[in-house]
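S.K.: I have a structure here, written as structure tokens, and I will follow up with some questions on it.
What follows is calculated from the coordinates using simple rules that are stated; it is not laboratory data. For clarity, every value in this text was computed on a predicted model and none was experimentally measured. Neighbour counts are summed over all protein chains in view; Cβ atoms, including those assigned to glycine, are modelled from backbone coordinates with ideal geometry.
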């Protein structure tokens, strides 16, 4: 199978600005998404769907990790992903959960392999949003469950997991959400571009204001691998191992 060398695979880590990128008219013809046709097997796609359906979740197929994709594709096509300050990302996920539960009740219908799936989203018990501290405790319920990297609210997997291979080598170029308007056009060789925000939660409060010393440490411990590898601090974007600072890829 041959693939368009002019395109790059986009590994969409949830709540890292990916919807803005996926819907950008300039980028659409330059990127490949983690659609079912690009998954490593139909069995993988179906397993994700069945798991999400049982949990009352949308399939979220496009959040597949690098190593979940077709080997012929990932060995012949460059891939990239966007990372974000972990503390900011957790707050974004919390606010997104509140938005979904408090105001975005939806009925999703779709078909796969001759079967119709109906999923009701926005149920009150979908996540504990009674407080930010309560939401953080959800990590113990969903944190290591298989296929939950496909979820925005219930997905507690580190960003590193999305962009690495089975030997734990990073296989994607890494851009930073906090500098995306500068780094994205540079990466694709465009003169300039500006992504239109999508799927935003609408909160105006600084993410740092959600935290206490205890909750700062909870996130630091949970996302230690991301923080160590990309050099995050509580109030900074990634400072190392990004496309802007490091272009050596594992072979």
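S.K.: For the ranges 73-83, 133-143, 169-179, what's the packing order if you count other beta-carbon atoms within 10 Å of each residue, average per peptide, and put the highest first?
M.R.: For the peptides 73-83, 133-143, 169-179, the packing ranking is 169-179, 73-83, 133-143.
S.K.: Share of antiparallel DSSP beta bridges in the chain, in percent to the nearest 5?
M.R.: Around 50 percent of the beta bridges assigned by DSSP in the chain are antiparallel ones.
S.K.: Taking only the C-alpha atoms, wrap a convex hull around the stretch 58-99 and report its volume per residue in Å³ as a whole number.
M.R.: So the per-residue hull volume is 89 Å³.
S.K.: For the ranges 26-32, 61-67, what's the packing order if you count other beta-carbon atoms within 10 Å of each residue, average per peptide, and put the highest first?
M.R.: Highest mean packing first, the order is 61-67, 26-32.
S.K.: Also: Normalise the Cα radius of gyration of the stretch 14-90 by 2.2 N^0.38 Å (N = residues in it) and let me know the number.
M.R.: That ratio works out to 1.19.
S.K.: What spacing in nm lies between the two simple spin-label points modelled at residue 131 and residue 179, each 7 Å away from Cα in the Cβ direction?
M.R.: In this crude spin-label approximation the distance works out to 3.8 nm.
S.K.: Separate question: Using a Förster distance of 35 angstrom, determine the FRET efficiency expected from the C-beta separation of residue 116 and residue 72, and round it to 0.05.
M.R.: Approximately 0.70, to the nearest 0.05.
S.K.: Further question: Mind checking which of 209, 113, 68 has the largest fluctuation in a GNM of the chain, springs on alpha carbons under 10 Å?
M.R.: Fluctuation is largest for 113.
S.K.: Convex hull over the Cα atoms of the stretch 44-144, averaged projected area in nm²?
M.R.: The orientation-averaged projected area of the Cα hull of the stretch 44-144 comes to 8.1 nm².
S.K.: Same structure, new question: Compare the peptides 87-97, 216-226 by average per-residue count of other Cβ atoms within 10 angstrom and give them in order, highest first.
M.R.: Packing order, densest peptide first, comes out as 87-97, 216-226.
S.K.: Separate question: Calculate the length of the line joining the C-alpha centroid of the stretch 114-165 to that of the stretch 220-243, in whole Å.
M.R.: Measuring centre to centre over Cα atoms gives 21 Å.
S.K.: Could you tell me the center-to-center distance, by alpha carbons, between the stretch 7-39 and the stretch 51-101 in angstrom?
M.R.: What the calculation gives is 11 Å, centre to centre.
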